[in-house]
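Input: a single structure, listed below in structure tokens.
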Amino acid sequence: MNLTEEALKIIMDLGDKNIFVIKTCDFSLYYSILDELKNNTLFYVPNTEIKYRSFKELYESTDNLLIDYIYNLRTKSIILLYEQFIQIIEKIDFKIINSSIIVLNNNIERYKFLPINEEKVINKIATTDINEIQDEEIDYMLEYYDDIRVDRYGDTQRVIIDYKDKNIFENLSVEEINLVDTTRALSIQRKKYGDYVSDNSVEKCLIYLAQDLKIYINKEYYNRLQSDILLKEFYNSSYNQVCVIANPEHFDSLPMYLNAWCRIFKNIILVEYDIDTNISYEQTYDIDLLLKKYWNSNKFREYCIYDIYSNKYQVKKITQKEIIMQILSQYVKSKSGNSNEWKDIFFIASTGAGKSLLYQLPSIILNDENRITIVVSPLKALMKDQLQTMHEKGLTYATYINSDVSYSEQIERLEGIKNGKYSLIYVSPEFLQKYSSAKYLVGDRKIGLVVVDEAHCVSTWGKDFRADYGYLGDYIKRYRKEMQFPILALTATAVWGGEFDTLNEIIGYLNLMPAPIIYYTDIKRTNVDIEIKKVNVTGNYRETKIKMTIDEITKIVKEGKKAIVYFPWKSQIKDIYIRLSEDIQSKVAIYTGDTKGEEGEEIISKFKSGEYIVVLATKAFGMGIDISDIEIVYHHAIPGNLADYSQEIGRAGRNREIRGKAYTLFNQKDFQYWRILKGISRPTQWELKLIVNKLYDEFKYGKKKRLQKLLPLDTFSFVFNENEVDNTEQKIRTALFLIEKDFFKRFGWNIISVYPRDEFGNYYCTVDDGNKDEFINKYGKYVREICNIEDNIRFSRDKYYLCKDIGNILEIDLKKLWEEKYYDKNYRSIKYLFFNNKLFEDFSVIPRIYTKIELQSSKEKVLGQLEYALNIIATALQTQDKFTKNELEKSLRRVVRDDYGLDDKEIINKLLHICTTFLYMEVGSNNYSHKMIIRKRDEGNEYIYIAPRLKISLGLQNIIKIFNNRFEDGEIFEKFLVPPYIGNSIYTCETLDLAYILETMGLASFIINGGHMQYVNIVVNSVDKLATAYYKNQLLMDMRTRDDNEIKIVERFINTDKNKWDYIEDYFLGRLNI
């Protein structure tokens, strides 16, 4: 059979004026078709001498031929590569062209291999995420292909590609024709492996191993090879039959290829080779003995699980041992390399149910087989606690790596993983983000199991404040491209089905295999009584609630019952604690998200021992806290969803012999705290729109379809105004995550992809000229001069003083310095020391940030528009002395409508954002003159904005002065500035706030480099999709709708006459709807 002849027969039969698209990874097929048609006047054939040597050449050639294609489509047929069709489809309106589109598919290619530059690409992407690579050729390649991965077949490595063709045929009439007819009936022999190897005919066969096998036949080893390689090799061979060796179950996935082979080989033999995927570890390992040896227990725990596959209302019993055997079974099946043969596992059980044993015991067996268990854990304290537990049991092959571990210790532990010293590794999602290839983490070893502990964080934290949890499934998916292993997801809170389904959402975010095995244990905690008493509040609600909670704490302490008192906000805890009497305070501890390291460990230790009776806590206290004798959980204000509430009350009565109690004094206003907390933690629609606009501005001038930039998160810092850099960074990353997922949901493919980068190494500083030579002599390999003193002079806005650096500006490779000089510390502490002038003991090294602001039009025009906006703000602020945010928005709307005759929501949103983000100061903070306009005060339920009328005019005038000062010499401001979070940085704060205001108004764009924030690699695959005037993030809207509905469910829970645990069970099993 000759594929060129098959293709030409189809082309000639279908006639002229068609668009024939050749879908093959064998470009020689395309070249041979063109060569046969070059003299046929019915076809447009470009220069047949061209043989593409690179994707850049293919892309540019196709662009150059675009006009020719459009012209010739009127009278002739054209022949295109599938890659070329992907490139031009958005540039030609095929609906107005009277031509049929016919895709000729080379269907004997089981996998599509990279057709050009495969060896070069293998060297680049074998151990690195392709989206992290800055390479022109790879950028062009990604114009055509979406999923690109390296895999080993036989003794060679190959690059497998998937076309970037999702939805490209939408609204087009396209016919796809296979080059090889696969409809004819098969006549295939089946033999057992033992019969086959004794048959002399084996020498006359082409042997094809359909699975990852290594078989000894006729004194020779055979390794797995792929069908498309074989078929190309044997077109002109003398073999007359093919022998397919595989597990019998694998034959079901082969019919298309078997049909194709019938066109080539006279005979096909299927040889059944039974791969033992049901190894009984009980024959090799005594599971019960391992439990006794390491956990000092004679019996595995028994669970009641819901019979989810037939009737969720029914429960049946299962032991930890059965679940462990299932995990091991899936691990063994995953080694076959066929993803159809094994499944992931999801286990849902309440706090204290023994979930850790389900991976810790199998890790002993995997360690003996030189396989690695990776456990993704959300908290450093939890990692440390689990590690201590493992080591106490004598299981010293466990370790953890997080940001507290110094560079030298990280290197030592990574080497220990690669050489077999460590086989159970606790890591964070942020750690996996840094290691794009499993090879960097495990070397030549294999991963046997990945465990996602507290898996509910994927759907909750990932969308709210810790974006790396949202991306966790993508990080693990990268590793699964290199090796096969099951995932075990563990959580205490997941809603299965119904309107509030989070279980399937987590499955989706983690990219679990289809139809994972799910074990859902009985939800009811019958030893914990739930009591919710409604109370009426007269007078000041806030003060009344505080008094109620103080009374309850005092009563609990006097009764001597160990308890946790939960609060929505940490400020409420401090307010209540200082009002407790001294004798009560001595028995009470505080634990919030600010409680770190040794302080937290001391609190937990004293709480366990009884020295502390009560802990006042936010939700930060709970996850991984293993204290079995807590009797009471009290809520100052009940959470706004049953999942959070159930998890928190689950801290009581973990020892089933104890009668626990969960209670609260409820008032309807309690929900306001939860609503405000959600509002604070999430970006608004307006903030997301600002980021989408900024993304479009960054990429709109790109010439290629796929565009890529490495950007500091400071690029988006104008959208948020947080006191702490880490908070701003997390908000930006969460916003980018929501935008990325929203665009994917809209279009079904990745319009934008965000890849966090490892800590970026280049920062800026200045050193006293008198010590510069000595400093460069000592640290010269890490620094270079980039700007002299005179070019970086700054003047104050009133020209009263000259700001001059102590020396020239240097660029310093901080990461390299850390790795070679300060490897005994972690990188975060190195950055902290650098930005606080404490890193270099013998030198005064002062950090700088590079800042560039570029006006979008002339200085005069921008100034006029700025004054226009500030006048609206001044008029709105004059109407009253203080505002809530809603009142301020209404005042701005009235001014815009009544005084300026406009009804522009866009302008109002911009001005409100400027007022509440850049023009205010917290009450009690230091004054910056341009921020004298508004003072912000926290009044418990909401923020109040105070606008002293005498200061409004002065503050706005100062903004104009700052503008004139920074742009005195033209439309571009470019300087190295003191970072805004250290030292005397008024000039910087004024400059950045001006940049943020101008960016918000669309009057300027800015760049900040060398700041404290992380860098991200952003890939945009269709920049035009970002050019949307009315962007609304559907994912955020869905989250808010869900929040409202969750509160309605909690209200029903409070009012129901049904048993509270029965109601909670209905909620988690998806039986409740709004």
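What to note about this one:
- Contact map, region 835-864: residues that are aromatic (Phe, Trp, Tyr) and at pLDDT 90 or above paired with residues that are surrounded by 19 or more Cβ atoms within 10 Å (Cβ to Cβ) and in a loop (DSSP other than H, G, I, E, B), Cβ distance under 8 Å, separation 6+ or inter-chain. Pairs shown: Tyr850/Gly1010.
- Strands (runs of 3 or more DSSP E) wholly inside region 1-119 containing at least 1 residues that are crowded, with 16+ Cβ neighbours inside 10 Å and of a type in the set (Phe, Trp, Tyr): 18-23
- Residues satisfying the criterion are absent from region 64-74 (criterion: under 25 Å from Glu36 (Cβ atoms) and at pLDDT 85 or above).
- Here Ile506 passes the criteria (1) of a type outside the set (Ser, Thr, Tyr); (2) assigned to a loop (DSSP other than H, G, I, E, B); (3) touching a strand residue (DSSP E or B) at 6+ places or on another chain (Cβ under 7 Å) except the one numbered (2).
- Test result for Met390, assigned to a helix (DSSP H, G or I), of a type outside the set (Gly, Ala, Ser), under 25 Å from the mean Cα position of the chain (by Cα) and closer than 25 Å to Gly420 by Cβ: no
- Restricting region 146-189 to residues that are hydroxyl-bearing (Ser, Thr, Tyr) and in a strand (DSSP E or B), the residue that is modelled with the highest pLDDT: Tyr163
Table: residues versus (1) in contact with a Cys (Cβ under 6 Å, 6 or more places away or on another chain); (2) in a loop (DSSP other than H, G, I, E, B); (3) in contact (Cβ under 8 Å) with a residue 40 or more places away in the chain.
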site: Pro683; (1), (2), (3): no, yes, yes
site: Glu687; (1), (2), (3): no, no, yes
site: Leu695; (1), (2), (3): no, no, yes
site: Gly702; (1), (2), (3): no, yes, yes
site: Lys705; (1), (2), (3): no, yes, yes
site: Lys709; (1), (2), (3): no, no, yes
site: Phe716; (1), (2), (3): no, no, no
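- The residue that is surrounded by the most Cβ atoms within 10 Å (Cβ to Cβ), counting only those in region 395-409 that are in a loop (DSSP other than H, G, I, E, B) and modelled with pLDDT of 90 or more, is Tyr397.
- In region 568-593, residue nearest to the chain's Cα centre (by Cα) [restricted to those that are under 14 Å from Thr549 (Cα atoms) and of a type in the set (A, V, I, L, M)]: Ile573
- Unmet requirement for Pro980, which otherwise passes all of (1) outside any loop (DSSP other than H, G, I, E, B); (2) buried (at least 20 other Cβ atoms within 10 Å of the Cβ): (1)
- Ile853 within 30 Å of Ile944 (Cβ to Cβ), among the aliphatic types (A, V, I, L, M) and surrounded by 19 or more Cβ atoms within 10 Å (Cβ to Cβ): no
- Residue identified as of a type in the set (D, E, K, R) and over 30 Å from Thr493 (Cα atoms) among Asp1066, Asp1024: Asp1024
- Taken over region 614-624, the residue count meeting the criterion of being buried (at least 23 other Cβ atoms within 10 Å of the Cβ) and of a type outside the set (Gly, Ala, Ser) is 4.
Yes/no per residue for (1) crowded, with 19+ Cβ neighbours inside 10 Å; (2) in a helix (DSSP H, G or I):
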| residue | (1), (2) |
| --- | --- |
| Ile1007 | no, no |
| Asp1038 | no, yes |
| Arg1042 | no, yes |
| Phe1053 | yes, yes |
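- As for region 338-355, it holds no residue that is buried (at least 20 other Cβ atoms within 10 Å of the Cβ), touching an Asp or Glu at 6+ places or on another chain (Cβ under 7 Å) and at pLDDT 90 or above.
- The selection criterion, being surrounded by 18 or more Cβ atoms within 10 Å (Cβ to Cβ), in contact with an Asp or Glu (Cβ under 9 Å, 6 or more places away or on another chain) and outside any loop (DSSP other than H, G, I, E, B), does not hold for Ile1064.
Results for (1) surrounded by fewer than 19 Cβ atoms within 10 Å (Cβ to Cβ); (2) among the small types (Gly, Ala, Ser); (3) touching a helix residue (DSSP H, G or I) at 6+ places or on another chain (Cβ under 9 Å); (4) over 14 Å from Ala652 (Cβ atoms), shown as yes or no for each residue.
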site: Ala515; (1), (2), (3), (4): yes, yes, no, yes
site: Arg525; (1), (2), (3), (4): no, no, yes, no
site: Ile530; (1), (2), (3), (4): no, no, yes, no
site: Asn536; (1), (2), (3), (4): yes, no, no, yes
site: Lys547; (1), (2), (3), (4): yes, no, no, yes
site: Ile550; (1), (2), (3), (4): yes, no, yes, yes
site: Lys555; (1), (2), (3), (4): yes, no, no, yes
site: Glu559; (1), (2), (3), (4): yes, no, no, yes
site: Ile564; (1), (2), (3), (4): no, no, yes, no
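- Test: residue in region 517-529 that is at pLDDT 90 or above, among the aliphatic types (A, V, I, L, M) and more than 30 Å from Asp474 (Cα to Cα): yes
- Of the set (1) among the aliphatic types (A, V, I, L, M); (2) modelled with pLDDT of 90 or more; (3) in a helix (DSSP H, G or I), all apply to Ile532 but (3).
- The number of residues in region 1020-1035 that are surrounded by fewer than 21 Cβ atoms within 10 Å (Cβ to Cβ) and either part of a strand (DSSP E or B) or among the hydrophobic types (A, V, I, L, M, F, W, C) (or both) comes to 4.
- From the list Tyr30, Tyr82, the one residue that fits, being of a type in the set (Ser, Thr, Tyr), modelled with pLDDT of 85 or more and under 28 Å from Ile751 (Cα atoms), is Tyr82.
- Exactly one residue out of Glu499, Glu543, Glu552, Glu482 is in the same structural domain as Thr399 (by TED's automatic domain parsing), of a type in the set (Asp, Glu) and either within 30 Å of Ile1054 (Cα to Cα) or part of a helix (DSSP H, G or I) (or both): that is Glu499.
The values are calculated or read from the model by the stated rules, or taken from the named source; none is laboratory data. Note that the coordinates shown come from a computational prediction; the quantities given were computed from them, not determined experimentally. Heads up, the Cβs are rebuilt from the backbone with ideal geometry, glycines too, and the neighbour counts pull from every protein chain shown.
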